[in-house]
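Following: one structure in structure tokens, then a few remarks.
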Amino acid sequence: MACTNISLILVAHGSKDPKWCKPFETLVVGSYHGTTLHLAYMDINEPSLFSVTEQLAKNGTKNIKILPLFMSGGGHVDKDIPKQVKELKVKFPDINFEVLPPIGEHPKIVSSINEIIKDYAI
């Protein structure tokens, strides 16, 4: 991984079922408009948020945005991710962290879901 100004970590839940991870693995494309993209999992699977951040820190990344791939707030989004970020800030004080709202709250996701519902309502 090359040193960039911003890295975006997509954080998914994780699962024992390898089929569950496949859709998330297709999201990571390496970089987009100068931002490197990375995938991390909260539970069970690797890499974890800690291991991705550790690698980014070694490569000199100074700004990390964290995008929870969850439909809404809850245990991981409201408690676990902020707790981990707090610990990461202590371990990597030179990195700026920004936790974004869960992807399911983004207007484009809501709009897409409504379009899919309309497809099935016909």
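The values are calculated or read from the model by the stated rules, or taken from the named source; none is laboratory data. Note that the structure is predicted; figures quoted are calculated from it, not measured. Cβ coordinates were reconstructed from backbone atoms using ideal geometry, including for glycine residues, and neighbour counts include every protein chain displayed.
Report whether or not Ile64 is in a strand (DSSP E or B), modelled with pLDDT of 95 or more and within 14 Å of Leu10 (Cα to Cα). Yes: the conditions hold for Ile64. When the stretch 87-109 is filtered for residues that are surrounded by fewer than 12 Cβ atoms within 10 Å (Cβ to Cβ) and not charged (D, E, K, R), the ones remaining, listed by number, are Val90, Pro93, Pro107. For the stretch 83-105, a residue qualifies if it is outside any strand (DSSP E or B) and closer than 24 Å to Ser15 by Cα, and the qualifying residues are Lys83, Gln84, Val85, Glu87, Leu88, Leu100, Pro101, Pro102, Ile103, Gly104, Glu105.
Residue check: Gln55 meets all listed conditions (1) without any contact (Cβ under 8 Å) to a residue 12 or more places away in the chain; (2) part of a helix (DSSP H, G or I) but one, namely (1).
Candidates are the residues of the stretch 1-54 that are touching a Phe, Trp or Tyr at 6+ places or on another chain (Cβ under 7 Å) and of a type in the set (S, T, N, Q); the one that is nearest to Ile81 (Cα to Cα) is Ser48. Of the residues making up the stretch 71-86, those that are over 23 Å from Asn5 (Cβ atoms) and surrounded by 12 or more Cβ atoms within 10 Å (Cβ to Cβ) number 9.
Scan the stretch 72-82 and give yes if some residue there is among the small types (Gly, Ala, Ser), farther than 21 Å from Ser15 by Cα, modelled with pLDDT under 95 and in a loop (DSSP other than H, G, I, E, B), otherwise no. I'd like the intermediate steps shown before the answer.
Taking the stretch 72-82 first, the residues among the small types (Gly, Ala, Ser) are 72-75.
Restricting the remaining residues to those that are farther than 21 Å from Ser15 by Cα gives none.
No; the residues of the stretch 72-82 include none that is among the small types (Gly, Ala, Ser), farther than 21 Å from Ser15 by Cα, modelled with pLDDT under 95 and in a loop (DSSP other than H, G, I, E, B).
Taken over the stretch 1-43, residues that are assigned to a loop (DSSP other than H, G, I, E, B) and either within 14 Å of the chain's Cα centre (by Cα) or over 16 Å from Phe70 (Cα atoms) (or both) amount to 18.
If you check Val90, Val99, which single one turns out to be among the β-branched types (Val, Ile, Thr), modelled with pLDDT of 95 or more and more than 17 Å from Ile6 (Cα to Cα)? It would help to see each step written out before you state the result.
Details: Val99 fails: more than 17 Å from Ile6 (Cα to Cα).
From the options Val90, Val99, the qualifying one is Val90.
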